[in-house]
1. Answer with yes or no whether Lys118 is within 16 Å of ligand 1 (Cβ to nearest atom), surrounded by 15 or more Cβ atoms within 10 Å (Cβ to Cβ) and part of a strand (DSSP E or B).
2. Of (1) more than 16 Å from Thr138 (Cα to Cα); (2) more than 8 Å from ligand 1 (Cβ to nearest atom); (3) in a loop (DSSP other than H, G, I, E, B), Gln71 satisfies all except one. Which?
3. For region 192-235, what are the residues that are over 20 Å from Gly246 (Cα atoms), out of contact with any Leu (no Cβ under 9 Å at 6 or more places or on another chain) and assigned to a loop (DSSP other than H, G, I, E, B)?
4. Could you tell me which of the residues Tyr229, Tyr215 is of a type in the set (Ser, Thr, Tyr), farther than 26 Å from Asn123 by Cβ and within 19 Å of the chain's Cα centre (by Cα)?
5. Being within 12 Å of Leu58 (Cβ to Cβ) and buried (at least 21 other Cβ atoms within 10 Å of the Cβ) is the filter here; which residues of region 122-161 pass it?
6. Kindly check whether there is at least one residue in region 123-146 that is in a strand (DSSP E or B), more than 14 Å from ligand 1 (Cβ to nearest atom) and either touching a Cys at 6+ places or on another chain (Cβ under 9 Å) or not assigned by TED's automatic domain parsing to the domain that holds Gln48 (or both).
7. Out of the residues in region 75-110 meeting the condition of being in contact (Cβ under 8 Å) with a residue 60 or more places away in the chain and assigned to a loop (DSSP other than H, G, I, E, B), tell me which one is farthest from ligand 2 (Cβ to nearest atom).
8. At pLDDT below 85 and charged (D, E, K, R): which single residue out of Lys280, Lys272, Lys237, Lys220 fits that description?
Amino acid sequence: MKSRIRNPNSGFSLIEVVVLIVVVSLALPPIAILMYQTISDSAQSHMQAKALELAKGLMEEILSKEFEDQQEASGSFGTEEATRAAYDDVDDYDGLSEKPPRDSQGNIIDACSGFRAKIAVENVQPSSPGGSAAPDGTTQFKRVTTTIEWDGGEHSLKLVGLVTNHTGYTDGLTLLEGGVEGKNRENLRFHVHNDAGKEIYLTHLKATWAAPEAYYEKIKVEPEGAKGYDIWKKDDKSGIPRMGSGNVAMFVKRCVQVPASADIWIKIEKFKDLAEGKGKNVDMSGTDFTIELWGTPYKYQPFVVPP
Ligand SMILES: [Ca+2]
Ligand SMILES: [Ca+2]
């Protein structure tokens, strides 16, 4: 199969320029979610679906709040309000534990009496958003972990989101080139340029494609002139699963710092099927990917990597 990676000096094709003009003008609200854990028992599928719905609703509520309380000094942390309905910033939810779970107004959610919802909010360093927590109120990134438990805690599901107050750029990244590569055409690699005029921190990536059905196992970055490193990787032990089309991967190992005017290569590796055992390599040649990169502050950067 012919390689689709072009010479870095060959510039944009007309269609890439047109696509970029259309898609880069889009913007979205705060950084959203991410990792789905502990989904293993098919008999639990109904409870899992309900738990996931609950977790997403809670995360949506929390991530819609201010980064910190606007009535308090900068760096304030914890709950300032007496009631759930009055919560107005992300860390008001830290330590919340409800059984049954309640909605944003403090009302019990119907038909969810078998679940417990637990929230943890922690400041984290941009260099390790999946790592150890930093002291409260000391960084510009907060990790929100929503855990839904059922069957007395025997089963649980966890979503992790990242919120940032970091102010960096208003424009974004430009796709320079990209395509499928690898011995079995099982990897996607693309090249972006930071044209924001300022440093960017990338925190999440979503790859969407129509077919074939496949799951990838790793996201790797290669800054220009520097050694590459993994920013997201499947991990059977910790429960981080493979990612499919439309799933959002949070960069749990570290955020990706892209200096102003710098280029970076991003690789999505090991597209496989799940039909047998650990899966066989899937040839992704001819696949049209839409790549969405979240960075700071609260920005959404979709690209279409042409087949
Ligand atoms: Ca508050
Ligand atoms: Ca607060």
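The values are calculated or read from the model by the stated rules, or taken from the named source; none is laboratory data. Predicted, not measured: the structure shown is a model, and the values here were computed from it. All Cβ positions, even for glycine, are placed from backbone atoms using ideal geometry, and neighbour counts span all protein chains on display.
1. no
2. Failing condition for Gln71: (2).
3. Answer for region 192-235, where residues must be over 20 Å from Gly246 (Cα atoms), out of contact with any Leu (no Cβ under 9 Å at 6 or more places or on another chain) and assigned to a loop (DSSP other than H, G, I, E, B): Gly197, Lys198, Glu199, Glu224, Gly225, Ala226, Lys227, Gly228.
4. Selected residue: Tyr215, the only one of Tyr229, Tyr215 that is of a type in the set (Ser, Thr, Tyr), farther than 26 Å from Asn123 by Cβ and within 19 Å of the chain's Cα centre (by Cα).
5. Passing the criteria: Val144, Thr146, Thr147, Ile148, Leu157, Leu159, Gly161.
6. Yes, region 123-146 contains a residue that is in a strand (DSSP E or B), more than 14 Å from ligand 1 (Cβ to nearest atom) and either touching a Cys at 6+ places or on another chain (Cβ under 9 Å) or not assigned by TED's automatic domain parsing to the domain that holds Gln48 (or both).
7. Out of the qualifying residues, it is Gly75.
8. After ruling out the rest, the residue left standing is Lys237.
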